[in-house]
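The values are calculated or read from the model by the stated rules, or taken from the named source; none is laboratory data. Nothing here was measured: the structure is a model prediction, and the numbers come from that model. So basically every Cβ, Gly included, is an ideal-geometry build from the backbone, and we count neighbours across all protein chains shown. For accessibility, only protein heavy atoms count, side chains too; no ligands or nucleic acids. Shrake-Rupley method; radii C 1.70, N 1.55, O 1.52, S 1.80 Å.
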Amino acid sequence: MTTISHLEADAESEKFLSQFTNMHYGGQKTSELYSDWSDEYEKNFLNMTSGYEHPERIADIAASVLPDKTCRILDVCAGTGLGGAALKKRGFDNIDALDGSAGMLEKARQKGIYICIVQEVIGTGPLTKVEKGAYDAIVTSGSFVPGHLGPGQLRVLAGTLKPNGLFCMAMREAYLETDYLRDLQPEMERMQQEGIWKIERCDRMDNYHNGLSGRVFICRRL
């Protein structure tokens, strides 16, 4: 992997993410942009000034609430497998990957982490390649972003969880104030009122992404 300076990595990473700033649900277009950038993804994000901490941070949180290391986990928006690698380091060995980007998943495949790798864009309808009610946990970070996942995907993801399964998600705190994601937490609360899940945690996380704060959500499927 070619090395670059921290400042170059900061600039390139933000340039890539800026494509999505004013985008609503991107679907296949977002997946294609990630495939095009898959060779550059880790080189840039892993070399940022304050690091690319959130895959490790969400894995720590998952490990704190999932005592059974054999539980079946769905790594949503798995990308190149950094989140799966972090879970593997913490003893989890029954992890599947779900992502819409073929290029990113090819990088993930090379890590040898996942039991099953599923390429499917997550929309608002039922997933066709992921078994309903099959997972003990979803673990995901960096996925609820303008142009990526949004409120419309929460119910789809909840449908993949077993009763008592956990949805463990981390995201940039500032994104909750964007037009695209402003309804995310209210939708979570509506799902709680409807008896779909129970919100167990909504915590602030320092240094979620290159020094920026994040928010962690944990919801338990009912």
**Request:** Determine how large the accessible area of Asp68 is when every protein chain is in place; take a 1.4 Å probe and give Å² rounded to the nearest 10.
**Result:** 80
**Prompt:** Of Thr3, Thr160, which has the most accessible area with a 1.4 Å probe, and how do the rest follow in descending order?
**Reply:** Thr3, Thr160
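With +1 on the Cβ of every Lys and Arg and -1 on the Cβ of every Asp and Glu, and nothing else charged, how large is the dipole of the range 71-132 about its Cα centre, in debye rounded to the nearest 20? Display every interim value, and only then the final one.
On the way: 9 positive and 7 negative charges, 45 e Å.
My answer is approximately 220 debye.
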**Complete:** Relative contact order in percent for the chain (Cα pairs under 8 Å, 6+ apart) equals 20
**Complete:** Relative contact order as a percentage, the range 1-69, C-alpha pairs under 8 Å and 6+ apart, gives 50
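Arranged from highest to lowest average of other beta-carbon atoms within 10 Å per residue, in what order do the peptides 111-123, 145-157 appear?
On the way: 111-123: 16.2, 145-157: 20.8.
Ranking the peptides 111-123, 145-157 by packing returns 145-157, 111-123.
Kindly work out what percent of the DSSP beta bridges joining two residues of the range 72-222 are antiparallel, to the nearest 5.
50
For the range 107-196, rounded, prolate or oblate, judged on the Cα gyration tensor with a ≥ b ≥ c (square roots of eigenvalues), a/c < 1.5 rounded, else prolate if a/b > b/c?
Working: a/c = 1.86, a/b = 1.27, b/c = 1.46.
Here the range 107-196 falls in the oblate category.
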**Request:** Please give the calculated 222 nm ellipticity per residue for the chain, where each DSSP H segment of at least 4 residues contributes -39500 (n - 2.57) and the sum is spread over every residue; nearest 500 deg cm²/dmol?
**Result:** -9500 deg cm²/dmol
**Request:** Answer with one residue from Gly83, Ser38, Phe16: the one whose Cα lies farthest towards the positive end of the charge dipole of the range 1-108, charges on Cβ with Lys, Arg +1 and Asp, Glu -1.
**Result:** Gly83
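Rounded if a/c is under 1.5, else prolate if a/b is larger than b/c, else oblate: which is the chain, with a ≥ b ≥ c the root eigenvalues of its Cα gyration tensor? Let's see the in-between values first.
Details: a/c = 1.42, a/b = 1.26, b/c = 1.13.
Rounded, since a/c falls under 1.5.
What is the magnitude of the charge dipole of the chain about its Cα centre, with +1 placed on the Cβ of each Lys and Arg, -1 on the Cβ of each Asp and Glu, and no other charges, expressed in debye to the nearest 20? Could the numbers behind the result be given before it?
On the way: 25 positive and 31 negative charges, 156 e Å.
About 740 debye.
For the full complex of protein chains and a 1.4 angstrom probe, list Met23, Met191 by accessible area with the highest value first.
Details: Met23 45, Met191 0 Å².
These residues rank, largest area first, as Met23, Met191.
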**Request:** Please build a GNM for the chain, connecting alpha carbons under 10 Å apart, and tell me which residue among Gly195, Gly165, Gly103 fluctuates the most.
**Result:** Gly195
**Fill in**
Using a 1.4 Å probe on heavy atoms of the protein chains only, the accessible area for Arg72 in Å², nearest 10, reads 70
**Complete:** In whole angstrom, the spacing between the Cα centers of the range 23-94 and the range 121-163 equals 14
**Request:** Any chance you could run the full-extension gain for Thr128 through Ile115? It's 0.36 nm times the residue separation minus the Cα-Cα distance, nm to one decimal.
**Result:** 2.9 nm
**Asked** How would you classify the range 44-102 from its alpha-carbon gyration tensor, with a ≥ b ≥ c the square roots of the eigenvalues: rounded for a/c under 1.5, else prolate if a/b is greater than b/c, otherwise oblate?
**Response** oblate
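Determine the alpha carbon to alpha carbon distance for each of Lys43/Lys88; Lys89/Lys198; Lys43/Lys198 and list only those over 32 Å.
Working: Lys43/Lys88 21 Å; Lys89/Lys198 28 Å; Lys43/Lys198 38 Å.
Cα-Cα > 32 Å for Lys43/Lys198; rest within.
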**Message:** Quick check: residue separation of Leu46 and Glu177 times 0.36 nm, minus the Cα distance between them. What number comes out in nm?
**Reply:** 44.5 nm
**Fill in**
With every protein chain in place, the accessible area of Ser18 for a 1.4 Å probe, in Å² rounded to the nearest 10, comes to 70
